[in-house]
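S.K.: I have a structure here, written as C-alpha cells, and I will follow up with some questions on it.
Just so it is clear, none of the values below were taken in a lab; they were calculated from the coordinates. This is a predicted model, so every value here is computed, not measured. Using ideal geometry, Cβ is built from the backbone for each residue, glycine included, and neighbour counts are taken over all protein chains shown.
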Amino acid sequence: MKEPDATRLGDDDRLRVEGMTCQNCARRVWEAAQGVAGVAMASVDLDAGRLRVRWEKGAARDAEAVARAVSGVGFPARREEAEEASRAAGTPGRGWLTVVWLGAPVTVFLMVSEWVMGWGHTGWYPWVALGLALPVQVWGGARFYRGAWEQLKRGGANMDTLVSLGSTAAFGFSLWIVLSGSGGHVYFMESAAILTLISVGHWLEALAAARAGTALRALLGLAPPTARRLEEDGSEREVAAGDLRTGDRVVVRPGDRVPTDAEVIEGASAVDESMLTGESRPVEKGRGAGLYAGTVNTDGRLVARVTATGGETVLAHIVAVVERAQNSRASIQRLADRVSAIFVPVVVLLALATAAVWGLAPDWARGVHEAVAPGLWRMTLPEGPWALAVIHATAVLIIACPCAMGLATPAAIMAGTNAAALRGILIRDGVALEKAGRIDTVVFDKTGTLTHGQLTVRRVLGGDGGGGGVGEGGAELGWAAELASGSRHPVARAVASFGVANGHGPSGGSASYAWDGWRELRGQGIEGRRDGTVYRLGSLGWLRGCGVAGVPLDTVAGEEDDGFGRVGFAVGDRWVATFELEDALRAEAAGVVEALRRDGFRVCLISGDAATAVRALAERVGIAEGDAMAEVRPEGKAEALATWQRAGRRVAFVGDGINDGPALARADLGIAVGEAADVARESADVVLMRRGLGVLREALGISQATLRTIRQNLFWAFFYNAVGVPLAMLGFFSPILCAAAMGLSDLIVIGNALRLRYWRPNG
C-alpha cells in the first residue's frame, strides 16, 4: 500500500484509546484505524494512550467509525476533545515508570527478607508481604487486567492475558495460604516481581522505541511555529506559520528556519537542507530557487513567495512517508503473526498441563527434573504439590509472553527507516524495505540518473531539405524553441533554453505562436499544428517514421560515433535541423557502478536515447555492452525489466522523470533519484533526496542490513520461546527469572534493531 500523498491530507481527529500495554497493542490499533474508509494516515502514541488520524481531503470525517474499529479489536476508544489533547505530553514509558517506582521497593524488600534475612518462615512475614504486595497487584496489574478483559470480551487473548494469569496465580495462591492459615510458603515476592520486572521491560522498550524514532520526531520539529510575513507596505509582521497562504511573501533572515515551502523572489543565500535531504553541504539559493519548510538559511536575507503550506509541503510529505513506513509490516512478519494468533491459547494449555502434572504426579515430575538437572543446573523446588503446580505453571505463562516475537519486525523497520531518513532516503513501507534487501540486479536509467539530466544543445546541424539549412539566428529555430517550451522533458527544455539564449522562443522577443493540437508523445517527441502545417521535434527515428524526408542517420556523416544524443526538427514532411545534445556524466557514476558490482549486484543500463550515446556512456561507467539497452520506449523499459524478472532476477530500477513511471512501477524495487518528477515519486518504493548516486548504495545496504536484523530478531524470538517454555515446564526457571528473561528478550530484539542507527557502508 502506498503512503498517503501529502497533497491529499486534510483535517485530523484525536482519540483516547484504553488498554494498550505494548508496541504490539499499538500496532493493532494502528491497523484498525488505517482500515477505516477516508483515513489517509494514522499514528499512535502508546504512552499517552492516544490515536491521531488524518483524513484525505474531501473525505467525510467519521471519528466514531474509527473508535468503533479500534474498539472492535479490543481497545476501547473515544474521540478526544482539543483541550484534553493539549494536555498530552510526557516522557516515553512514564506509565510503566510509575509501576516500577511502586513495585521496585516492595520487590527488593521482599527479596531481602526471604533471601538474605530468612524471614520467609516467620509468622508475621506473610501478613506483611500481603500488605506490601496488594497495592502492586491492584495498581501495577490494572493495565494488564484491563487489556486481558477487553481481549476476553471479544474472544481473544494476548500478552496481557498471560501476565494477568501468571501474577494472579502466584498472588491468589499465596492469599489462600494466608487466609486459610495452612502455614505454607507464600509467593507474594514472585507476584510483585513479575509485574515490576515486566513493567521495567516495557519502560525500557518504550525508551528504546523512542530512540529508534528520532528521525520522525526531528522532522516533526523542523518547521518553525512562526514566520515573518512581508506586508504590502513593506513592513514585516510575525504571524503563525499556519496562517500563511499561498502567494504570501515571507522574509527569511540568516539563521532562520524556512517556515513553509516557497520560491525565492529576492536575495541570495546558502541554505542548509541536511536534516531534510541528508545533503551535507549548504545549497546556494537565488531568485527562482525553491525553499523547503524546516531548512535553515545560513547567511543571506531572502524574500520568498509561499508556494505550499501545511500538509502540502515537502516536509509534510516526508513525515507522512516516514510515519507510514515505521508503522508498516514486512511480509516476513506474516509467519510471526500466524504463530502469535494461536500462541497464547497454546501456552495457556501448556501451563494447565504443567500444573496438572506437578500437582497430580509430583514425584514423577521431580524424577524427570532430577534426571535432566545434571546436564543443566539444579533448582530448589517448592514444597507441596500445589505449590509446585502454581509456581511452574506461572513460570510457563510468564516466559512465553510473545512480546519479542511481535517486536522482531517492527523494531527493525522503525530503526531501518529511521537510519535511512537521516541519510536522505525515504522508504515507502516495510514491504519496500524488505524487497530492497533482496535485490540482485540494479538497472539504471541514463538521463537524470547516471547523468545530471541537464541537457544542453552542443550545436545545431542544418539540412538543405529545400530550406537552405538553419543557423543559430534562423527563424525556424524560434519555431522549434516555441514548440519545445510547453514540455518539461529535459530534451525539450534544452532546445527551448537554447532558443531563448539566441533570441527566440516565448521569452526571446519573437512572436508568441498559437499551436493547434499540441501534444507530447512519450519517448518520441512533440508535435503541433500552425497554419495547417505540422511541426515536429523528436527522435530521428520517429521523424523518419512520420514520413519526413531527408532525416540523417544518428551518426553524422563523416564523423565517428561520438555518443552525443540528437533530436530532429521538421516542418511538414521536410527535415529542417538536428540538435546535438550533451549531458554531463555524474562524477561519482563510475565509482558507484564499480562499488555495486563489488557488492555482488549485476548493473545494467536502459535508455530511450540513441544507441551511440548509450554505448558511449556505458563504456565510461563500466557497464558491459550486453547489459546496456538503447532506444527503448517507456513501455519497452517495463517489458525489459519483466524479461529480467522472468529469468529469475530481482530487479531494482533507478530513474527519474515522467517517462520512468511505468518502469518504476514494474520493477521489484523502484528507486527515484534527485529531483524526481511527481509521477516518478508516486511510482517509486524508495526516494533518494540527497544529491549524488552514492546514496543509492547506502539505501540498498541499509535495506539488506535491516532484512538481516529482522531475520535475526525472529530467530531469537522463536528460539527464546522454544527453549524457555520446556525448561519452565520442567521446573528450571522461577517466575522471577522468567519475568526478567522476558524483559531481556525484548531488549535484545530492540537493541539489535538499534544497531542499524550506526550502520556504515563497507569500503
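S.K.: Can you bin every Cα-Cα distance in the stretch 692-752 into 10 Å intervals starting at zero and give me the percent of pairs per bin, rounded to whole numbers?
M.R.: 20, 36, 21, 13, 7, 2
S.K.: While we're here: Please give the FRET efficiency for residue 98 paired with residue 755, using the beta carbon to beta carbon distance and R0 = 41 Å, rounded to the nearest 0.05.
M.R.: About 0.85, to the nearest 0.05.
S.K.: Among 378-384, 637-643, how do they line up by average Cβ neighbours within 10 Å per residue, starting with the highest?
M.R.: Answer by packing, highest mean first, reads 637-643, 378-384.
S.K.: Short version: ³J(HN,Hα) in whole Hz for each residue of the stretch 109-117, in order, from phi by Karplus 6.51 cos²θ - 1.76 cosθ + 1.60 (θ = phi - 60°), x for Gly and Pro, what are they?
M.R.: 4, 5, 5, 4, 4, 7, 8, 9, 7
S.K.: Turning to a different aspect of this structure: Based on the mean of other Cβ atoms within 10 Å per residue, sort peptides 728-735, 56-63 so the most packed one is first.
M.R.: 728-735, 56-63
S.K.: Spin-label point model (7 Å from Cα, Cβ direction): what's the residue 619 to residue 349 distance in nm?
M.R.: That separation, rounded to one decimal, is 7.0 nm.
S.K.: Skipping prolines and chain starts, which residues have an amide H placed within reach, meaning under 5 Å, of the one on residue 604, given they are 5 or more residues away or on another chain?
M.R.: Counting only residues 5 or more places away or on other chains, the set is 442, 443, 444.
S.K.: Work out, step by step, the length gained on full extension between residue 454 and residue 61: first 0.36 nm times the residue separation, then minus their alpha carbon distance; give nm to one decimal.
M.R.: Gain in length upon complete extension: 137.0 nm.
S.K.: Can you work out the FRET efficiency for the pair residue 646 and residue 597, with r the C-beta to C-beta distance and R0 = 22 Å, to the nearest 0.05?
M.R.: 0.45
S.K.: Between residue 585 and residue 226, take the C-beta separation as r, use R0 = 41 Å, and let me know the FRET efficiency to the nearest 0.05.
M.R.: Computed FRET efficiency for residue 585 and residue 226 comes out at 0.40.
S.K.: While we're looking at this one, here's another question. Could you order the peptides 746-756, 357-367, 262-272 from most to least packed, using the average number of other C-beta atoms within 10 Å per residue?
M.R.: 746-756, 262-272, 357-367
S.K.: I would also like to ask the following. If I model a spin label as a point 7 Å beyond the Cα along the Cα-Cβ vector, how far apart are those points for residue 178 and residue 377 in nm?
M.R.: So the two model labels end up 3.0 nm from each other.
S.K.: Modelled label-to-label distance, residue 711 and residue 263, 7 Å Cα→beta-carbon offset: nm?
M.R.: It is 4.9 nm.
S.K.: Provide the net charge surrounding residue 760, with neighbours chosen by a C-beta distance below 12 Å and charges set as Lys +1, Arg +1, Asp -1, Glu -1.
M.R.: +3
S.K.: Let me ask something else. Quick one: 3J(HN,Hα) in Hz for the stretch 229-246, Karplus 6.51/-1.76/1.60 with θ = phi - 60°, rounded, Gly and Pro as x.
M.R.: Calculated HN-Hα couplings, in order: 8, 8, 7, 4, 7, x, 7, 9, 10, 7, 10, 5, 4, x, 8, 5, 10, 4 Hz.
S.K.: What is the gain in length, in nm to one decimal, between residue 149 and residue 122 on full extension, counting 0.36 nm per residue of separation less the C-alpha to C-alpha distance?
M.R.: Contour length minus the Cα-Cα distance gives 6.1 nm.
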